[in-house]
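What follows is one structure encoded as C-alpha cells, with my remarks underneath.
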Amino acid sequence: MDFLSDNAAGVHESVLAAIAEAAPAQAVGYDSDPWSARLDAVLSDFFETRVRAFAVPSGTAANALALATLAPPWGGVIAHASAHVEVDEAGAVAFYTHGATHILVEGAHGRLSVEALDAAMARRRGDVHQVQPAALTLTNATESGTVYRPEDVAALCRWARARGLLVHMDGARLANALVHLGCRPADLTWRAGVSVLSFGCIKNGGMSAEALVLFEPALADTLPVRRKRAGMMP
C-alpha cells in the first residue's frame, strides 16, 4: 500500500464500466452532451441546493480556477501554510489569477482557526503596499488527515464574510470527511458558508475527473471562458 497519495490507487471498476458503456454513443461535446447536462442536477440533488458544476481534469485546475473567480491579480488568498494550493500546485493559483498570492497562516494538524486568522491579520499593515485579502481557502479533509466539523467551517466562514471575503473549499478528500463525520454534504459546505467547492473524484476511484461546484450561481458568469482559456475544458 502507498499512502503518499490516494492517486496511487487505480480507477474503480464501476468508473471504467460507465466509461465503456458511454463510449459508443455519439454526442456533441463541450458541455452539450447528456452526461454534462445531468451534472448540475445530480450535484444539486446531492448538495440539496441549486448549484452550477463544471468538470475539469484535475484537482489543481479545480482549485486554481475556483480561486481565480474569487481573487483579483492584486489579491491575497488566505490559506494554511501546508495547504495543497501552496505546497503542491507549482504556483497554479498565481498563474490562473494572473498574480494573486497566498497569505499563509499556521495551525495545528493542518487546520485553521479563527484565533490564528485574527493573529495573522493583526500582523498585517493592511495598506496599499500589501496584497489585499480577497478569499479564504480551506481543505477538508486536510493534508494532515484531520477534518473540519460543520461548526468549524461555519465559524471560519463567518470570520471571512465579516471581512468581505468569500470562501473556497478544497474537497479533494471531501468524501472521506463526510463519511468520518457522518454529516450531510450541505452541512459541511454551503450551509456553513462555503461559496465554491473543488469536489474530488480522482482520489475516490475516478479518472481525470473533478467537479468545480459553485453554490452561488452568479460566480459562474466568467468561469466557462476561464476554463476554456486555461485548456481545462474536457
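Tabulated values for the structure
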read-out	value
For the chain, calculated [θ]222 nm from helices alone, where every DSSP H run of n ≥ 4 adds -39500 (n - 2.57)	-10000 deg cm²/dmol
Label-to-label distance, nm, for residues given as Val15 and Gln130 (7 Å Cα→Cβ offset)	4.1 nm
Rounded accessible area per residue of the stretch 117-215, 1.4 Å, Å²	41 Å²
Three-way shape label, the stretch 62-188, alpha-carbon gyration tensor, a/c 1.5	prolate
Leading residue at positive end of dipole, the chain (Cβ point charges), from Val213, Trp159, Val11	Trp159
Shape of the stretch 1-68, Cα gyration tensor, a/c cut at 1.5	oblate
Portion, in percent, of the accessible area of the chain that falls on carbon or sulfur, probe 1.4 Å	57 percent
Estimated dipole of the stretch 27-136 in Debye, rounded to 20 [Cβ of Lys and Arg +1, of Asp and Glu -1, Cα centre]	240 debye
The stretch 110-142 versus the stretch 179-220: alpha-carbon centroid distance in Å	22 Å
Isotropically averaged projected area of the chain, using the convex hull of Cα atoms (one quarter of hull area), nm²	13.0 nm²
Gain upon complete extension [Glu106, Ala230; 0.36 nm per residue less C-alpha separation]	41.6 nm
Modelled label reach - Asp31, point 7 Å along Cα→Cβ, the stretch 68-103 residues with backbone N closer than 15 Å	69
Dipole in debye (nearest 20) - the chain, about Cα centre, beta carbon charges: Lys, Arg +1; Asp, Glu -1	640 debye
Candidates Gly59, Gly193, Gly206: whichever shows maximal mean-square fluctuation once the chain is modelled as a Gaussian network with Cα springs under 10 Å	Gly206
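The values are calculated or read from the model by the stated rules, or taken from the named source; none is laboratory data. Keep in mind the model is a prediction, meaning the values are calculated, not measured. Cβ coordinates were reconstructed from backbone atoms using ideal geometry, including for glycine residues, and neighbour counts include every protein chain displayed. Note: accessible area is taken over every heavy atom of the protein model, side chains too, but ligands, DNA and RNA are not part of it. Shrake-Rupley method; radii C 1.70, N 1.55, O 1.52, S 1.80 Å.
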